Amino acid sequence: MLNYLLWEIFRTSGCPFPENANALEFVHSFVHLWLGGHMRDPPTSANDPIFYVFHAFVDLIWEIWRQARQSREARELDYPPELPQCADPQHFGYAPMRPYNLINRDGLSNMYTDQMYRYAPRPGCSVEIPTCGSPYLFCDLRGIPHCVSKIKLNGICSGYEGLDACFNGICEMGRCVPGATPPPFVPRIELSVSQRQQIKQSEAKRHFIACFNRSPCCDRWAQEGECRKNEKYMRTFCAASCHFCTPAYNTTDECADRHISCQQWRSDGQCHGRSEEFMQENCRASCHLCQTPKTTKCSSLPNVS
């Protein structure tokens, strides 16, 4: 199934691609149909609370495929052929992503998993380590060991006798019944020396601190005493220069990108327009401004208190 992540499912007799029932879009639709209710029809499916959880899992499958099969550049560029015989034009790459001010291709950006969220690794277990790292999962040792959700009290557990399959209970005669209090949950394995070292190194990396000036004139205004005279304005727009917060970057290096997203924003055309002043202050390398003094267009700050 992971070979057909970009397969079209809407088609007419003129579509040059064969129908593929193994495409992820097809397979995931069966879950919508099985659940029924609001989840059955696309216009109402997002009203069902389970939609978010289910599609987070579908997105995980998508991200696993991207990481395994595509280069970083290809992840943002590859898109299915835009043929009206094979796909609804609303799904074309340059179609608007309603109701947002985006196009569908924007959803391919690496920015989401770079800066906004991560996927936790799928829980696993083995005969040697028959735990899954969660009190809500148990290791099914029948066949290939794998982690499974525990069964609620009074639920059917036939075949799982002897396994820790029932949440806050035990499996007796095919049913989960209240039993002895389960032992305290313990992480499945003590981390190895190399794993502990990796965690230590990752913790030592620079953490993101939202302490930025919003104007290239902030340093000048701070020198002119505006941090005291116009404290409310300067606290909002020049927090770093006024030492209202402690930035994570070197404030003496004026030719450096101070924000992790500078290159992405430059690619999005943010060096000019509404974000121009922020970019002139914080993304000078990406916007090629190292040879231009920051204070070229600065004037004294009017009293805005």
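Taken along the Cα-to-beta-carbon direction at a fixed 7 Å, the label points for Y52 and T295 span 4.9 nm.
Inter-part distance, the stretch 232-305 to the stretch 16-39, computed on C-alpha centroids, equals 48 Å. Take the Cβ-Cβ distance between C211 and S149 as r, set R0 to 45 Å, and report the resulting FRET efficiency rounded to the nearest 0.05. After rounding, the FRET efficiency stands at 0.60. Computed from the coordinates I sent, Cα Rg over 2.2 N^0.38 Å equals one of (1) 1.28; (2) 1.35; (3) 1.41. Tell me the label. Here the calculated entry is (3). Here the gap between M173 and R69, fully extended at 0.36 nm per residue and compared with their Cα-Cα distance, gives a gain of 32.8 nm.
Span-like helix criteria (full DSSP H runs; alpha carbon extent of at least 20 Å along the helix axis; mean Kyte-Doolittle hydropathy of at least -1.0) are satisfied in the chain by 50-69.
Between A256 and F244, the simple spin-label model (points 7 angstrom out along Cα→Cβ) gives 2.3 nm. Spatially, the stretch 67-112 and the stretch 144-160 are offset by 39 Å when compared through their Cα centroids.
Where a number appears in this text, it was derived from the coordinates with a stated rule and is not lab data. Bear in mind the structure is a predicted one, so any value in this text is a computation, not a measurement. Positions of Cβ are generated from backbone atoms using ideal geometry, with glycine treated the same way; all protein chains shown enter the neighbour counts.
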